[in-house]
Ligand code: TYM
């Protein structure tokens, strides 16, 4: 609790282009929940280097992502939007938590297995202990709730296990966080292969809608989306392509799944795809416009980066000092 408010933490990696999946599964919910909680939204650059990055590119993408958080509707005066690398407590707590995490637990992480298969030439220790850093991010702020997409659930579970293990030894040190997964939109699928999740790292640009895609591109990508030959707009597992488009339309329009299906009953896929493209563009274009405004305001963004890093550091240090004391590190001489 901070000032009688529960704490929310979440983060996103600045690797690749942010997709509609990231927006609908996470960012959009962050904006909805922002007023209710004391919030920390991090650009998790420490996580990004588990895969080799071009330094200049990473720096640019990290800043763009930070501006995108704001452009999506998070007021940076009320929400603590900051770079993970500006708060050393993340790495310090991650080290301590590493000593309370088992190899066997990390071995079971599906994201690790996927990434290790994809980057077989660089299976580094950071990739393996990635979920521990994520646990540190969350536990550092005594977080109550973590809004994420479905793919992060396993990491939330290990975070809870680590926290419970630590608390069982040292008393009530950490708040046990709960995931927040939206009913619709928590797993947006690829437009080219609806059995696969939409992903920033997909090599086929037609598989994903990027948050910065212009309206024509958005509509063109939806037109090309892989569906089926049943010519029937229905919500079921046998039609994963159409199901995904219904999900997207439903979250972007605010209409229920049932109402969406009714609205397009008997219509052709072409008309439906166009409608999905339009409703998505209506959501994304205003965000893009605000983004370009912030891009011009370097001084404002710099001041946000500085102020919020100080705020995040303040709360991070509170938890870190408590943890260091519990594990037996000597007090600093002041
Ligand atoms: P990342 O950067 O891969 O994704 C950011 C957020 O977007 C969600 N997401 C999706 N939601 C729906 N459909 C999709 N296709 C889709 N793809 C991605 C993710 O679930 C996530 O919420 N490890 C995290 C970042 C992180 C973090 C944290 C998150 C680091 N520390 C602490 C929460 C709390 C990641 O790589 O997310």
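Taken together, the values in this text are just the output of simple stated rules run on the coordinates, not laboratory data. Nothing here was measured: the structure is a model prediction, and the numbers come from that model. Glycine also receives a Cβ, built like all others from the backbone with ideal geometry; neighbour counts cover every protein chain displayed.
Descriptive notes on the structure:
- Compared with the dominant Cα axis of the chain, that is its longest principal axis, helix 153-170 is turned about 20°.
- Seen through its C-alpha gyration tensor, with square-root eigenvalues sorted a ≥ b ≥ c, segment 4-106 comes out oblate because a/c lies at 1.5 or above while a/b is not bigger than b/c.
- By the beta-carbon count within 10 Å of each Cβ, the least crowded to most crowded order of 222, 264, fewest first, is 264, 222.
- Full-extension gain in nm, residue 310 to residue 255, via 0.36 nm per residue minus C-alpha separation: 15.8 nm
- Seen against the Cα atoms of the chain and their longest principal axis, helix 269-296 is set at about 40 degrees.
- Burial ranking of peptide ranges 98-105, 40-47, 191-198 (average Cβ count within 10 Å, highest at the top): 40-47, 191-198, 98-105
- Axis of helix 55-71 versus longest Cα principal axis of the chain: the two differ by about 70°, to the nearest ten degrees.
- Residues 110, 32 arranged by fewest to most Cβ contacts within 10 Å: 110, 32
- Residue exposure sequence - 184, 50 - by fewest surrounding Cβ within 10 Å: 184, 50
- Coarse-grained scattering of segment 205-292 at q = 0.25 Å⁻¹, given as base-10 log I(q)/I(0) from a Debye sum over alpha-carbon atoms: -1.31
- Sorting 294-304, 71-81 by their mean Cβ neighbour count within 10 Å, with the most densely packed peptide first, gives 71-81, 294-304.
- In the chain, Cα pairs under 8 Å separated by at least six residues give a relative contact order of 22 percent.
- Mean residue ellipticity, 222 nm, helices only, the chain: the sum of -39500 (n - 2.57) across DSSP H runs of n ≥ 4, divided by residue count and rounded to 500, is -16500 deg cm²/dmol.
- Packing rank of 131-137, 312-318, where each peptide gets the mean count of other beta carbons within 10 Å, highest leading: 131-137, 312-318
- Cα-based shape type of segment 103-197, given that a ≥ b ≥ c are square roots of the gyration tensor eigenvalues and the cut on a/c is 1.5: oblate
- The distance from the alpha carbon centre of segment 92-121 to that of segment 233-302 is 34 Å, rounded to a whole number.
- Antiparallel bridges, percent of DSSP beta bridges restricted to the chain (to nearest 5): 20 percent
- Rg/Rh for the chain stands at 0.99; both radii use Cα atoms, and Rh follows the Kirkwood definition.
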